[in-house]
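A quick write-up on the structure given underneath.
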Amino acid sequence: MADSAQNYIQKVKQLNEKKDTPPLAHVHNYGCQLNVTDGEKMKGQLLKLGFGLTERPEEADFVIFNTCAVREGAEEHVFGNLGFLKQYKEKNKDMIICIAGCMSEQSAVVEKIKKSYKYVDIVFGTNAISKLPRLIYEVYMGRKHVYDMSEQSSSVTEGIEQIRNSTFKASVPVMYGCNNFCTYCIVPYVRGRERSRQPDVIINEIKELVKNGYKEIFLLGQNVNSYGNDLEENISFPWLLRQINKIDGEFIVRFMSSHPKDAGRELIDAICDCDKVAKHLHLPLQSGSNDILEKMNRRYTHEKYMEIINYARERISDFSFSTDIIVGFPNETESDFESTLDILKKVKYDNIYSYIYSKRAGTKAILIDDLVTYEEKQKRIQRLLELQRDISTDNYKRFIGTTLTVLAESEGKGGEGSLTGKSNEFIIVNFSGDKSLIGSFVNVKITAARNWAVYGELISQ
Ligand code: SAM
Ligand code: SF4
Ligand code: F3S
């Protein structure tokens, strides 16, 4: 970081030290795993500035809402919760409220905050995390409102300290931004163009994480398959997976998301050849209809998508898939929707994440005059979920009688002595065991499958 940034850190730290008790900061993340990673970096900055961290916004002196703009619901959630912060601020007049994340990159949202949420002190965009010390300093110096929606960066800022939320699961972005401009999606507008991190920086970060006991490394990018396209060296994501696989230690590698237009045999081969890479691919379909895929600007067809699935299953018959589906893209017909159901039946995903299409200002799809009613879209998503519930229930039965290696993640819903974790296939596994096992790999013999999870008994190691 530049010298001036260091100066602001010192200045804010000194001001915080003068307070009777160290001020407390609260960071609430609203978005995807990348958003959570940004939140971890914000926490890293806040600790350096002399803040303590709290999970309770009502006792905080400094609150960051790290927002998401992907669907309208996500934005409404933030504006709803801002109302609560107003009440807290009435009790603690010195409370500083800060809006960060993807919503802050939309000028209409910023205007709304300026006009109707005047008690918000700081608004900063996704590329301004390293500027947080200066922004806080300006508010400490009496400036009423501080806004920093800097231009989308063309480079990657490295070296921002991060307070990770877990001691055994770590997300590692391999790239930022997106070049794809799917017609429904706001992400390229709020995250800018693709920027890959240098491979040696990624590999050193993972080595350090593994050395510190991290067991799950989750690689992130809006389309990891375009990793390296903007770097000078001739490198690709499958190459990166193979390099990471060479790192010594006991850990599993997962990644998200993989755009089907760029997912080919090279990717599937790398997954199958690398023992540390999970045999699971999250391959967002969005729609099974070629007509809708074209209108979405997804640049693959139903048939090309199925080729990837079939090749993976040729190599590993049990290869696990999950996906994202958008139901009710403008003017989706019954027959378009049935093409999506058709792919669900063919692929037999272990899991799907489905959303009703949400209009996003600034995207191309908002211009389409949509004739399908919201009620019809709701009915379709119900049908989709019912079909997938039956598929998952049926799929999960394949694990009964087998032994799965599971990363124990937390105590389960069954109270003391119950644990829950994820298998290599990213399936939720519930079992009984001591909480000292959390954060380690265990073997579980599966005895039952129901409600989007499997159940089993711990096998002594
Ligand atoms: N880059 C990833 C990809 O291409 O698959 C997706 C990232 S996006 C944050 C996660 C998911 O949100 C998408 O796969 C899509 O299903 C969903 N999504 C994005 N925009 C949406 C919209 N306007 N309405 C509903 N769902 C949307
Ligand atoms: Fe959005 Fe498409 Fe980019 Fe994914 S690939 S972030 S859906 S524009
Ligand atoms: Fe993630 Fe939401 Fe931004 S999904 S990239 S936090 S718009």
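Counting only residues that are assigned to a strand (DSSP E or B) and hydrophobic (A, V, I, L, M, F, W, C), which one in the range 406-437 is nearest to PHE218 (Cα to Cα)?
We begin by selecting, within the range 406-437, every residue assigned to a strand (DSSP E or B); these are 406-411, 418-423, 428-432.
Filter once more, so that each one left must be hydrophobic (A, V, I, L, M, F, W, C): 406-408, 419, 428-429, 431.
On the way: VAL406: 16, LEU407: 13, ALA408: 16, LEU419: 21, ILE428: 17, VAL429: 19, PHE431: 24 Å.
That would be LEU407.
Could you list, in sequence order, the residues of the range 281-322 that are more than 16 Å from ligand 1 (Cβ to nearest atom), among the hydroxyl-bearing types (Ser, Thr, Tyr) and surrounded by 21 or more Cβ atoms within 10 Å (Cβ to Cβ)?
Of everything in the range 281-322, just one residue is more than 16 Å from ligand 1 (Cβ to nearest atom), among the hydroxyl-bearing types (Ser, Thr, Tyr) and surrounded by 21 or more Cβ atoms within 10 Å (Cβ to Cβ), namely SER320.
Tally the residues that are within 13 Å of ligand 2 (Cβ to nearest atom) and either more than 18 Å from the chain's Cα centre (by Cα) or more than 15 Å from GLN222 (Cα to Cα) (or both), restricting the search to the range 161-181.
So the count comes out to 1.
Report whether or not ARG191 is within 14 Å of ligand 2 (Cβ to nearest atom), touching a residue at least 40 places away in the same chain (Cβ under 8 Å) and surrounded by 21 or more Cβ atoms within 10 Å (Cβ to Cβ).
Working: within 14 Å of ligand 2 (Cβ to nearest atom): yes; touching a residue at least 40 places away in the same chain (Cβ under 8 Å): yes; surrounded by 21 or more Cβ atoms within 10 Å (Cβ to Cβ): yes.
Yes; evaluated as a whole, the condition is true for this residue.
VAL190 is checked against (1) assigned to a loop (DSSP other than H, G, I, E, B); (2) of a type outside the set (S, T, N, Q); (3) within 15 Å of ligand 3 (Cβ to nearest atom) and fails just one. What number does that condition carry?
Of the numbered conditions (1) assigned to a loop (DSSP other than H, G, I, E, B); (2) of a type outside the set (S, T, N, Q); (3) within 15 Å of ligand 3 (Cβ to nearest atom), the odd one out for VAL190 is (1).
On the given criteria, is GLU40 in a helix (DSSP H, G or I), within 26 Å of the chain's Cα centre (by Cα) and within 16 Å of ligand 1 (Cβ to nearest atom)?
No: the conditions fail for GLU40.
Consider only pairs whose beta carbons are under 8 Å apart and that are at least six residues apart or on different chains; among these, list those whose first residue lies in the range 24-49 and is under 15 Å from GLN222 (Cα atoms) and whose second residue is of a type in the set (Phe, Trp, Tyr) and within 13 Å of ligand 3 (Cβ to nearest atom).
Every condition considered, the pairs that remain are LEU34/TYR176.
So which of ASP336, ASP318, ASP350 is among the acidic types (Asp, Glu), farther than 20 Å from ASN451 by Cβ and at pLDDT 95 or above?
One residue alone meets the criteria, ASP336.
Within the range 281-293, restricting attention to residues that are outside any loop (DSSP other than H, G, I, E, B) and either without any contact (Cβ under 8 Å) to a residue 24 or more places away in the chain or within 12 Å of ligand 2 (Cβ to nearest atom) (or both), which residue is farthest from ARG313 (Cα to Cα)?
LEU293
Can you confirm whether GLY52 is in contact with a Leu (Cβ under 6 Å, 6 or more places away or on another chain), more than 16 Å from ligand 3 (Cβ to nearest atom) and either modelled with pLDDT of 95 or more or hydroxyl-bearing (Ser, Thr, Tyr) (or both)?
Working: in contact with a Leu (Cβ under 6 Å, 6 or more places away or on another chain): yes; more than 16 Å from ligand 3 (Cβ to nearest atom): yes; either modelled with pLDDT of 95 or more or hydroxyl-bearing (Ser, Thr, Tyr) (or both): yes.
So GLY52 passes the test.
Of (1) in contact with a helix residue (DSSP H, G or I) (Cβ under 9 Å, 6 or more places away or on another chain); (2) surrounded by fewer than 19 Cβ atoms within 10 Å (Cβ to Cβ), ILE325 satisfies all except one. Which?
ILE325 satisfies every listed condition except (2).
Which of the residues that make up the range 260-280 are within 15 Å of ligand 2 (Cβ to nearest atom), over 12 Å from ILE343 (Cβ atoms) and surrounded by 22 or more Cβ atoms within 10 Å (Cβ to Cβ)?
ALA263
Please indicate, with yes or no, whether at least one residue in the range 24-32 is away from ligand 3 (no atom under 16 Å from the Cβ), at pLDDT below 95 and over 15 Å from LEU135 (Cβ atoms).
The answer is no, given that none of the residues of the range 24-32 is away from ligand 3 (no atom under 16 Å from the Cβ), at pLDDT below 95 and over 15 Å from LEU135 (Cβ atoms).
Go through (1) touching a residue at least 24 places away in the same chain (Cβ under 8 Å); (2) of a type in the set (A, V, I, L, M); (3) closer than 30 Å to SER107 by Cβ and name the single condition LEU367 misses.
Of (1) touching a residue at least 24 places away in the same chain (Cβ under 8 Å); (2) of a type in the set (A, V, I, L, M); (3) closer than 30 Å to SER107 by Cβ, only one is false for LEU367: (1).
The values are calculated or read from the model by the stated rules, or taken from the named source; none is laboratory data. Just so we're clear, the structure is a prediction, and the values are computed from it rather than from any experiment. Every residue, glycine as well, gets a Cβ built from its backbone with ideal geometry; the counts of neighbours run over all protein chains shown.
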